[in-house]
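Below is one structure, written out as structure tokens; comments come after it.
A short reminder: the numbers here are calculations on the coordinates, not readings from a lab. Every value quoted in this text rests on a predicted model; they were computed, and no experiment measured them. Every residue, glycine as well, gets a Cβ built from its backbone with ideal geometry; the counts of neighbours run over all protein chains shown.
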Amino acid sequence: MGTPVGRDAIAQWLDDAGIRRRQIRKDIPGGEHPDRDCQFERIAELVSQYEIAGEPWFSIDTKAKEHLGLLYRKGRVRGNRSFEAFDHDFPSWADGVLIPHGIFDPKANLGHINLGLSHDTSEFACESFRRFWNTFGHRRYPDAKSILLTCDGGGSNSASKYIFKYDLERLSDSIGLPIRIAHYPPYCSKYNPIERRFFPHVGRACSGMLFDCLDTAVSLMRRARTRTGLRTTVAVIKRMFETGRNATKEMKNNLRIVYDDLLPKWNYVANPQT
């Protein structure tokens, strides 16, 4: 209209018109399994059964790997000066690696993280739950007769790997309880409760802070909480875990896993040896 205006005025007009700065949204599914809806119904049914029976169920997963040391981390925090980090994020400059394995109890709205210092393996995932159960779980649910774990279908708790089922049986033997597994279908791990109700709050508690040492990382993650009652406990697993393990023919032949009739690849139970 021939009248000069500043960028602030234009920015305000754009905001008023709903034209704002926006991030890319990861909403387009990478694929859809034909049994997707059926498995979601099965998971909902199992959760309902366990809650009605007063039995515990947990959502588990491994959070993204973190590095210890003066490496840059996204986020902002209030302070009279900025933290200083290396000008490059070379993993070789880190003082170590953190593997955060999370266990979320939706009924109690409590989360726990075991920080591994070596590798994200099926043995690590099972050891993580064993330590959690022996420290917190059995006290919270002293009369438990069975445990339900919901998890995705890849990584350390892969639905297609016999080694996970083998380690799961050893976990069941250790705690003396049947452990039922329900995997989320491919491309659907974001629907696992831990991904929506626990990990985002852990990320927020640590945002913009340096993991300059292990104690700092533990202290920051323990701060993850919400006004609705979420609280977080954190422990460290210093044991080293071997990579590249595969189930032998003998392991496969001796598995006692009981598969469901409905979608057995995603639903099964590990029973303790009697």
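Just a few scattered comments:
- Expected 222 nm ellipticity per residue - DSSP helices of 4 or more, -39500 (n - 2.57), all of the chain, to 500: -8500 deg cm²/dmol
- When the square roots of the Cα gyration tensor eigenvalues are ordered a ≥ b ≥ c, the ratio a/c for region 1-139 is 1.5 or more and a/b does not exceed b/c, which makes its shape oblate.
- When LYS145, LYS63 are sorted by how many other C-beta atoms sit within 10 angstrom of their C-beta, beginning with the fewest, the order is LYS145, LYS63.
- GNM top mover of GLY102, GLY111, GLY69 - the chain, alpha-carbon springs below 10 Å: GLY69
- Counting every other Cβ atom within 10 Å of each residue's Cβ, CYS188, CYS126, CYS38 order from fewest to most as CYS38, CYS188, CYS126.
- Mean-square fluctuations from a GNM of the chain, with a 10 angstrom spring cutoff on Cα atoms, peak among PHE132, PHE86, PHE104 at PHE86.
- The Cα center of region 160-233 and the Cα center of region 1-71 differ in position by 17 Å.
- Sparse packing (at most 14 other Cβ atoms within 10 Å of the Cβ) combined with a DSSP loop state is found for the following GluC sites (Glu not before Pro) in region 1-91: GLU32, GLU84.
- The length gained by stretching the chain between ARG140 and ARG170 to full extension, at 0.36 nm per residue less their Cα-Cα distance, is 8.6 nm.
- Computed over the chain with a Gaussian network model linking Cα atoms closer than 10 Å, the most mobile of GLY79, GLY176, GLY31 is GLY79.
- Cα-only Debye scattering, region 117-238: base-10 log of I(q)/I(0) at q = 0.09, 0.22, 0.23 Å⁻¹: -0.29, -1.46, -1.47
- Using alpha-carbon coordinates, inclination of helix 162-175 to the longest axis of the chain, degrees: 70
- The chain - share of DSSP beta bridges that are antiparallel (%, nearest 5): 55
- Straight-distance crosslink candidates among aspartates and glutamates, where the alpha carbon sits under 13 Å from LYS74 and sequence neighbours closer than 8 are dropped: GLU66, GLU84, ASP89
- Cα-Cα over 18 Å, subset of LYS145/LYS165; LYS161/LYS249; LYS63/LYS161; LYS63/LYS190: LYS145/LYS165; LYS63/LYS161
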